[in-house]
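One structure is given here, and the rest of the page talks about it.
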Amino acid sequence: MAGPEIKAPPFRDIPTIPALIPGAMAASKPYVANQKVQEGIGFRGELAENWQELAIEKMGDLLGKYRSLKVYMDSCVHCGACTDKCHYFIGTGDPKNMPVARQELMRSVYRRYFTLPGKLFPSLVGAKDLTKEVLDDWYSYFWQCSECRRCSLFCPYGIDTAEVTMAARAIMDHIGLGQKYSNEILAKVNKIGNNLGLPGPALEDTLQGLEEDVKEETGVDVKFPLDVKGADVLLITPSADFFAEPHIDSLIGYAKVFHAAGISWTLSSYASEAGNFGLFNGSYEMMQKVAMRIRDSALELGVKRIVVGECGHAWRVAYAFWNTLTGLGGGGTDPFSIELQKQLDPTFRQPSHICEVTWDLIQQGKLKFDKSANDHRTITFHDSCNVARASRMGDSPGGQFDIPRNIIKAVANNYVEMEKSTVREKTFCCGGGGGVLTDDLLDIRVKGALPRMEALKQVSDHDGVNFMATICAICKAQFTKVLPYYGFNMRVVGGVHQLVSTAIKLGDEQ
Amino acid sequence: MTAATYFFAILFYAATALLVVGLIYKIADFARTPAPLLIPTTPAPTTTGGVVFRMFREVALFESLFKSNLWIWAFGWMFHMGLFLVLARHLRYFTEPVWTWVALIQPFGLYAGFAMAAGLAGLWARRFLVERIRYISTPSDHLMLALLLGIAATGLLMKFVMHTDIVAVKTFFLGLMRFDIQPLPEHPGLYIHLGLVAILMIVFPISKLLHAPGVFFSPSRNQADNPREARHLAPWAAKLDAK
Ligand code: HEM
Ligand code: HEM
Ligand code: SF4
Ligand code: SF4
């Protein structure tokens, strides 16, 4: 990429709040999606001539459909509590990366077109016309938000900037200003079934290769089944698990867990993707379309249980939205949901996270480990935002924090927690979530990782931590890329099931 | 009766009408707009009872604010609790006989006026002193604080320096409530106090003061975390099913 060299900001000694540097990141803009991509997923090919009119119309539409947006637009008191909570603000000092200022990009337009004071006295209440300059700011700064919800945790009204960002992106898509990276992925998943555009036969080859690798390493026939009708479990996992490092080691871990517990399972070539970029773009319809592939696959294969692999936003969509979008879950009394309920086994949580599966099996004594196999590692755990602040595991609130940690402690001896203001629900985003995991946004990705890197640095200096486990495909990809900028080896990041894979005893080899 | 009496009588009828109609409209609008997806900020309570408790902590203690910024919490909580006591104390102007609990809290109300003013002053100082908050402040943010501080200052002035005939004030307001206009005491402090209060009532439904009803409608705080147990479907979204 052209432009100045990308460098990590220096570590702060005592984490201080940065001074404001207005405009520091104004030039950060992702590539725009081209006409073919846009039209392929049903949007305008390029910025429409009457874009302003269309944008206001779309905003009105969204305000009528989403209570979150309407209440959040009206309720912010500019108290400032959220101003220092965003990793992108901490890493850049750009005031427009303060969550309230990011919201204000939309709120100022909302006031101008939808409220009386904004129509009468715009400058008094900070209302603004939707000009080309404002749109430029939208495109810059709504693509510097990873929709991580950290600001929402700290706002006295729970105002979630992620919701505002999603709405802004939906509006920009609508007027023909889409982001290349996300929209290309949406095009691929709609056409081929996964975000990487990996077709069925290629997937089959990959899985066969994995079976051979595992056989060579362990001497055990661990299977990676694909499209097996009548299997008990359908595993839906991010497609990065099929080929990217270190993701693939977690996939091997899931397979070993199913093998050791004697659970019959399968992957699906039609629904070979847990990720759902419809979420990032704030499109309900798109999100539903992507999720429907999973419903269809489950019905087709006749499985009894659906399990989701290590992926943060995918788990949010699965846990919190699948029931709504596809009727996959309990409680629905309409024919649409009942069709699935008749087939899925209600004694299991539907859907389950792979960590819930593994932890349940550990508690039932069905898995055995050689913990010392992980002794070369001193491990810490990075909570991924969508798991931490937008979902749950297990039966009580906070299970999403305890279950992965419990698993790590069950399979390894050396565990260290990072600084407590950076873990559990207060966790900092990796810097690459929410649709910004693209090289054209590398600068903001590197800078946004600063708070997490500082916390990691601390435990790596003091406690010798050399492995940061996480359960998100985006976190893994992002850290692999940015760790070197902060002086770490990129192999420091890995999956929880990678650790499981290292320590698990496969039963048949004793 | 003075012209001022008629002026304030009309002003308060108008302000009350705008406040009530505006708030009902806004609240109905919030309530009518569907929340299509479950988006509570987790960890979140899994039951309705749990949600009520969470909301209570947010409204009474400003729990999230406490976790995020102690200065804003201290000033903000002091202001709001002061405001709450002051308003409760003011109920004596509108009730005859005065409700027992209103009578009982009268002594506390005194300090509440000062707490409210001090909290407001602290919040206002932050708008000048903290660079980040200065950046996000609009003129209306300053005006809102000035308005409330003006109300508090004139109230305290009447209480401690230039007394007014509060029995006559009460007669005036009880009269308004029965559409029987009674004379309002001639008192500049009172005029300013009441004038600013009327402005506050008028701007309430069209300003950020909507945070008061808004907090109860915020999906990230008022939803139970039970998506696997119950199907949550908005009417417009239900139409997309099974296509
Ligand atoms: C359900 C009732 C209410 C709740 C839960 C609530 C909560 C809050 C919170 C958490 C803040 C942010 C912190 C702060 O600056 O104090 C705030 C700000 C504010 N509230 Fe309220 N409030 C309520 C009712 C009211 C009412 C009735 C008024 C006015 C008549 C009011 C006026 C204000 C003002 C002016 C601010 C902004 C202060 C500033 O400029 O920093 N609030 N409120
Ligand atoms: C129609 C409504 C109102 C009327 C008739 C009214 C009238 C009065 C009067 C007569 C006093 C003097 C009390 C005394 O001398 O003992 C007073 C005090 C005060 N008022 Fe109001 N007021 C009204 C609304 C408000 C509102 C909405 C606020 C706050 C936002 C407020 C804040 C205060 C404060 C802080 C004091 C001084 C402390 C106290 O006596 O509680 N008033 N008010
Ligand atoms: S959602 Fe996350 S990235 Fe977006 S403004 Fe809030 S803290 Fe920043
Ligand atoms: S914490 Fe909430 S109310 Fe306060 S400025 Fe931020 S978004 Fe607005």
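The values are calculated or read from the model by the stated rules, or taken from the named source; none is laboratory data. Keep in mind that what you see is a predicted model, and the values were worked out from it rather than measured. Ideal geometry is used to build each Cβ from the backbone, glycine not excepted, and the neighbour counts take in all protein chains shown. Note: accessible area is taken over every heavy atom of the protein model, side chains too, but ligands, DNA and RNA are not part of it. Shrake-Rupley method; radii C 1.70, N 1.55, O 1.52, S 1.80 Å.
Pairs of Cα atoms in chain A fall into 20 Å distance bins, from 0 up to the last occupied one, in shares of 23, 56, 20, 1 percent. Under 26 Å of direct C-alpha separation, and excluding same-chain neighbours fewer than eight residues apart, B:LYS159 reaches these lysines: B:LYS170. Look at the stretch A:19-27: the mean tally of other chain Cβ atoms within 10 Å of its residues' Cβ atoms is 1. The mean accessible area for residues of segment A:186-359, using a 1.4 Å probe and ignoring ligands and nucleic acids, is 32 Å² per residue. Interface burial in segment B:192-211 reaches 40 Å² or more for B:ILE206, B:LYS208, B:HIS211, comparing the full protein assembly with the chain by itself; accessible area from heavy atoms with a 1.4 Å probe. With a cut-off of 13 Å between beta carbons, the residues surrounding A:LEU251 carry a summed charge of -3, where Lys and Arg count +1 and Asp and Glu -1.
Computed from the Cβ-Cβ distance with R0 of 60 Å, the FRET efficiency linking B:TYR6 to B:ALA238 stands at 0.65. When you filter the chymotrypsin sites (Phe, Trp or Tyr not before Pro) in segment B:9-108 for DSSP loop state and at most 15 other Cβ atoms inside 10 Å of their Cβ, you are left with B:PHE94, B:TRP99. Ranking A:GLN52, A:ALA26, A:GLN38 by how far each Cα lies toward the positive end of the dipole of segment A:1-52 (charges on Cβ) leaves A:ALA26 at the top. Across segment B:149-228, the relative contact order, built from alpha-carbon pairs under 8 Å that are at least six residues apart, equals 29 percent.
Tell me the net charge near A:ARG405. Cut-off is 10 Å between Cβ atoms, A:ARG405 excluded, with +1 for each Lys or Arg and -1 for each Asp or Glu. Net charge in that neighbourhood comes out at -1. Segment A:212-265 and segment A:66-117 have their alpha-carbon centroids 44 Å apart. For A:GLN179, nonlocal amide neighbours, meaning residues 5 or more places apart or on other chains whose placed amide H falls under 5 Å from its own, are A:ALA33. Each residue of segment A:468-484 was assigned a 3J(HN,Hα) from its phi angle through the Karplus curve 6.51 cos²θ - 1.76 cosθ + 1.60 (θ = phi - 60°); the sequence is 10, 7, 8, 10, 8, 5, 5, 4, 4, 5, 4, 5, 3, 6, 8, 3, x Hz, with glycine and proline shown as x. Put A:TYR141, A:TYR113, B:TYR111, B:TYR135 in order of accessible area, highest first, and with a 1.4 Å probe you get B:TYR111, B:TYR135, A:TYR113, A:TYR141.
Please give the calculated 222 nm ellipticity per residue for chain A, where each DSSP H segment of at least 4 residues contributes -39500 (n - 2.57) and the sum is spread over every residue; nearest 500 deg cm²/dmol?
Values: 23 runs with 238 residues, N = 510.
About -14000 deg cm²/dmol.
For segment A:231-275, the relative contact order is 62 percent, taking Cα pairs closer than 8 Å that sit 6 or more residues apart in sequence and dividing their mean separation by the residue count.
Computed from the Kirkwood radius of its Cα pairs, the Stokes-Einstein diffusion coefficient for segment A:470-510 at 10 °C and 1.306 mPa s stands at 137 µm²/s.
Which links in A:LYS223/A:LYS304; A:LYS215/A:LYS366; A:LYS36/A:LYS70; A:LYS229/A:LYS366 stretch past 27 Å when you go from one Cα to the other? If you can, show how the numbers build up before the last one.
Working: A:LYS223/A:LYS304 19 Å; A:LYS215/A:LYS366 22 Å; A:LYS36/A:LYS70 33 Å; A:LYS229/A:LYS366 25 Å.
Violating the 27 Å Cα-Cα cut-off are A:LYS36/A:LYS70.
With protein chains left intact and a 1.4 Å probe, residues in chain B average 49 Å² of accessible area per residue.
If you restrict to DSSP beta bridges whose two residues both lie in the protein assembly as shown, what percentage is antiparallel, to the nearest 5?
Details: 3 of 19 bridges.
Rounded to the nearest five, the antiparallel share is 15 percent.
To put it simply, the accessible area of the protein assembly as shown at a 1.4 Å probe is 62 percent carbon and sulfur.
For the listed peptides A:331-338, A:244-251, a ranking on the average number of other beta carbons within 10 Å per residue, highest first, reads A:244-251, A:331-338.
Per-residue mean of foreign Cβ neighbours for A:392-401 is 3 (Cβ atoms of other chains, 10 Å radius).
Annotation: amide H of A:VAL493 within the under-5 Å range of A:MET468, sequence separation 5 or more or interchain, hydrogens built in the peptide plane.
List the lysines whose alpha-carbon lies under 18 Å from that of B:LYS239, not counting same-chain residues fewer than 8 positions away? Cross-link targets: A:LYS65, A:LYS289. Only one residue of A:ILE14, A:GLY230, A:ALA202 has its Cα farthest out toward the positive end of the dipole of chain A, where Lys and Arg carry +1 and Asp and Glu -1 on Cβ, and that residue is A:ILE14.
Ignoring ligands, DNA and RNA, how much accessible area is buried between chains A and B, both sides summed, with a 1.4 Å probe, to the nearest 100 Å²?
Its buried surface, counting both partners, is about 5700 Å².
Can you list the residues in segment B:64-93 whose accessible area drops by at least 10 Å² when all protein chains are present, compared with the chain alone? Use a 1.4 Å probe, heavy atoms only. Buried by the other chains: B:SER64, B:LEU65, B:LYS67, B:SER68, B:ASN69, B:ILE72.
Counting partner chain Cβ atoms within 10 Å of every residue's Cβ in A:238-247, what's the average? It would help to have the intermediate numbers written out before the result.
Numbers: counts 0, 0, 0, 0, 0, 0, 0, 0, 0, 0.
Mean number of neighbouring Cβ atoms from other chains: 0.
Under the convention that each Lys and Arg Cβ holds +1 and each Asp and Glu Cβ holds -1, the size of the dipole of the protein assembly as shown around its Cα centre is about 1920 debye. Projecting the Cα atoms of B:ALA234, B:LEU196, B:ILE181 onto the dipole axis of segment B:91-243, where Lys and Arg carry +1 and Asp and Glu carry -1 at the beta carbon, places B:ALA234 farthest toward the positive end. By the scheme Lys and Arg +1, Asp and Glu -1, what is the net charge of all other residues having a beta-carbon under 12 Å from that of B:SER137? Within the 12 Å Cβ shell, the charges total +2.
A simple charge model with +1 on the Cβ of Lys and Arg, -1 on the Cβ of Asp and Glu and nothing else charged puts the dipole of segment A:186-359 at about 680 debye relative to its Cα centre. Highest mobility in the GNM of chain B, judged by mean-square fluctuation with C-alpha springs under 10 Å and restricted to B:ALA103, B:ALA230, B:ALA153, is found for B:ALA230. Axis of helix A:132-141 versus longest Cα principal axis of chain A: the two differ by about 20°, to the nearest ten degrees. Basic side chains Lys and Arg get +1 at the Cβ, acidic Asp and Glu get -1 at the Cβ, and with that the dipole of segment A:48-171 about its Cα centre reaches some 320 debye. Amide H contacts under 5 Å for A:VAL308: A:ILE236, A:SER352, A:HIS353, A:ILE354, restricted to partners 5 or more places along the chain or on a different chain, H placed in the peptide plane at 1.01 Å from N.
Relative contact order for chain A using alpha-carbon pairs under 8 Å, separation at least 6, rounded to a whole percent? Could you put the intermediate results ahead of the total?
Values: 938 pairs, mean separation 90.9, N = 510.
RCO, chain A: 18 percent.
Could you state the angle between the C-alpha long axis of helix A:180-191 and the longest principal axis of the C-alpha atoms of chain A, as a value from 0 to 90 degrees rounded to the nearest 10? Between the helix axis and the principal axis of chain A, the angle is about 50 degrees.
Residues B:ARG178, A:ARG295, sorted by accessible area with the largest first, give B:ARG178, A:ARG295 [1.4 Å probe; ligands and nucleic acids excluded].
Which entries of B:LYS26/B:LYS208; A:LYS96/A:LYS188; A:LYS96/A:LYS457; A:LYS368/A:LYS409; A:LYS420/B:LYS67; A:LYS426/B:LYS208 show an alpha-carbon separation above 22 angstrom in the structure shown?
Correct reply: A:LYS96/A:LYS188; A:LYS96/A:LYS457; A:LYS426/B:LYS208.
Shown for the protein assembly as shown: cysteine residues without a partner Cβ closer than 4.7 Å, namely A:CYS76, A:CYS79, A:CYS86, A:CYS145, A:CYS155, A:CYS311, A:CYS355. For segment A:312-376 versus segment B:169-243, the inter-centroid distance based on Cα atoms is 42 Å.
Output the DSSP H helices from chain B with an along-axis C-alpha extent of no less than 27 Å and a mean Kyte-Doolittle hydropathy no less than 0.5. Before the final figure, lay out each step's value.
Details: long enough: B:3-32 (43 Å, 1.50); B:70-90 (29 Å, 1.20); B:100-129 (43 Å, 1.04); B:139-160 (31 Å, 1.30).
Span-like helices here: B:3-32, B:70-90, B:100-129, B:139-160.
On a 1.4 Å probe surface of the protein chains, which of A:SER372, A:SER152, B:SER207 comes out largest in accessible area, and what is the full order? Could the numbers behind the result be given before it?
Working: A:SER372 60, A:SER152 0, B:SER207 25 Å².
The ordering from most to least exposed comes out as A:SER372, B:SER207, A:SER152.
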